[in-house]
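Scroll down for the structure; my scribbles are underneath it.
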Amino acid sequence: MLSILDIFRIGIGPSSSHTVGPMRISQRFWRRLGQKKLLTKTDRIRMIFRGSLAFTGLGHGTLRAGQLGLLGFKPETINLNMAEAALSALSENLEFTRDGRTVQFDPKRDIILDFDQAAKLHPNEMELQAFDSKGALIYKRIYYSTGGGFTASHAQLSKPAKNDKVAVGGGAVPYVFGSAKDLLSVCTQQKISIADLIMKNEDARRPRAQTEVRLDRIMAVMLQGIERGLNTRGELPGGLHVRRRAPDIWAKLCGAPGANERETLFDWLNVYAMAVNEENAAGGQVVTAPTNGAAGIIPAIIRHYCCDETAKPDKKKTRIFLATAGGIGLLYKQRASISGAEMGCQGEVGVACSMAAGGLAAVWGASPEQVASAAEIGMEHNLGLTCDPVGGLVQIPCIERNAIGAVKAANAARLALHGSGAGKVSLDQVIETMRQTGLDMSSKYKETSQGGLAVNVIEC
């Protein structure tokens, strides 16, 4: 039962499934110990990463994120300076105190990258174990980071879904849809846009004013990420010696404001998307849209098409954009996946491109059918996109891939507006194709750094 505010979440880089998710999982485990009244007995905690979390854990900041969650930090509110100080103290003292309980945790001993045991229900598996003062195991629980910062316990993921309906909100909502076909049918019957439908469903969960405030906050964080990325120079962490390029491109664009080459449009979209993803790669604050690895596409489109020359956003446009894009994101999350470890990069950049295309088409006045067509085009030409990060870092090819995705999204929206929305391929069909393609794709190409560019590019 998802809200579009579950799709757009504020967190830290470089990966929603490998950073934000593990941080939330550690928080969940700590709360679980409290619910089981085991905190007073817990003397030591151990965490084990399997599958994609193990193979790319170092490059994706997974180990750091797991520790931060144990220490009580949350992705939405984290103070990065305080977080680094807390990690340093943990590394030195090999223990931490929380909720009045001091627990032993030695990162070198208590963090295990398990490359031998396969992940069971999802490629991103994380197990946490609690021990008493005598060293006896008193509780353990397996969780999964399922993409976009979403998490699930082993028990939750083992349960079959009761139905195939996407209902936005925790209770009764006016409009329930299980597919793009259902969504468009309701729009036709009620004579409303996709954005209006989504917002009416959100109204069942909270007052409209609260939803708008939160959407405005999401938009603001996106734009702040662009500004930081445009004005921060230097080399990205991780050892690949990747230099930030957005500031130089930005300086050239600002130095030639009268340039009228048609290709300049690419430059603007490129620089905004790259600015966000360079911030993400540096561990900065971004919005999962719908993931961190694809966090630059939607902000780039918003910055170029929904803001004025001073970067001041048009709130009406941004709310229409985010509501529409969020509704499309719900379909992908419910009917397939937004996890790179499950679907490859088609599930991240592909989905973000599809969402951005639909959102932009809506801002340009497209009908619901044209919006769905834009979303379909955005995904159709990302099918089969692999996730093969070099060195396990969200840098190569991720940063440039967001730039390309932003340009594709704008083009998909334009193509859709030239048609009636009645294409040969439906949005539901392309979502199902993405799902099947992801299932068929070798695990080497799904966020494990075991194939593709990750093995053909020499790290230096």
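The values are calculated or read from the model by the stated rules, or taken from the named source; none is laboratory data. It should be emphasised that the depicted structure is a prediction, and the values quoted were computed from it without experimental measurement. Cβ placement follows ideal geometry from the backbone for every residue including glycine, while neighbour counts extend to all protein chains displayed.
Listed here are the residues, each with its yes/no results for (1) at pLDDT below 95; (2) out of contact with any helix residue (DSSP H, G or I) (no Cβ under 7 Å at 6 or more places or on another chain).
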| position | (1), (2) |
| --- | --- |
| Gln395 | no, no |
| His418 | no, yes |
| Thr448 | yes, no |
| Ile458 | yes, yes |
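Would you check which residues across region 96-134 are surrounded by fewer than 18 Cβ atoms within 10 Å (Cβ to Cβ), assigned to a strand (DSSP E or B) and over 29 Å from the mean Cα position of the chain (by Cα) and list them?
Residues satisfying the conditions are Thr97, Arg101, Thr102, Gln104.
For Ala325, all conditions in the list (1) over 16 Å from Leu360 (Cα atoms); (2) out of contact with any Phe, Trp or Tyr (no Cβ under 6 Å at 6 or more places or on another chain) hold save one; what is the number of the exception?
Only one criterion is unmet by Ala325, namely (1).
Considering only region 382-460, give the helices (runs of 4 or more DSSP H) lying wholly within it that have at least 1 residues that are farther than 29 Å from Gly238 by Cβ.
So the answer is 398-417, 427-440.
How many of the residues making up region 359-377 are among the polar types (S, T, N, Q), outside any helix (DSSP H, G or I) and farther than 11 Å from Ser193 by Cα?
Total satisfying the criteria: 0.
If a residue must be in a loop (DSSP other than H, G, I, E, B) and closer than 15 Å to Met274 by Cβ, how many such residues does region 221-240 contain?
Matching residues across region 221-240 total 4.
One residue is enough: does region 268-275 have a residue meeting the conditions at pLDDT 95 or above, of a type outside the set (Asp, Glu) and in a loop (DSSP other than H, G, I, E, B)?
No, because not a single residue in region 268-275 is at pLDDT 95 or above, of a type outside the set (Asp, Glu) and in a loop (DSSP other than H, G, I, E, B).
Just one of (1) closer than 28 Å to Pro237 by Cα; (2) touching an Asp or Glu at 6+ places or on another chain (Cβ under 7 Å); (3) part of a loop (DSSP other than H, G, I, E, B) trips up Tyr144, so point out which.
Exception for Tyr144: condition (3).
Tell me which helices (runs of 4 or more DSSP H) are completely within region 1-95 and hold 3 or more residues being at pLDDT 95 or above and surrounded by fewer than 18 Cβ atoms within 10 Å (Cβ to Cβ), or say none if there are none.
In region 1-95, the matching helices (runs of 4 or more DSSP H) lie at 21-35, 80-93.
Can you spot a residue in region 60-70 that is more than 30 Å from Gly344 (Cβ to Cβ) and in contact (Cβ under 8 Å) with a residue 40 or more places away in the chain?
Looking through region 60-70, at least one residue is more than 30 Å from Gly344 (Cβ to Cβ) and in contact (Cβ under 8 Å) with a residue 40 or more places away in the chain.
Could you go through region 90-101 and let me know if any residue there is small (Gly, Ala, Ser), in the same structural domain as Ala130 (by TED's automatic domain parsing) and either in contact with a helix residue (DSSP H, G or I) (Cβ under 8 Å, 6 or more places away or on another chain) or at positive phi (or both).
Yes, region 90-101 contains at least one residue that is small (Gly, Ala, Ser), in the same structural domain as Ala130 (by TED's automatic domain parsing) and either in contact with a helix residue (DSSP H, G or I) (Cβ under 8 Å, 6 or more places away or on another chain) or at positive phi (or both).
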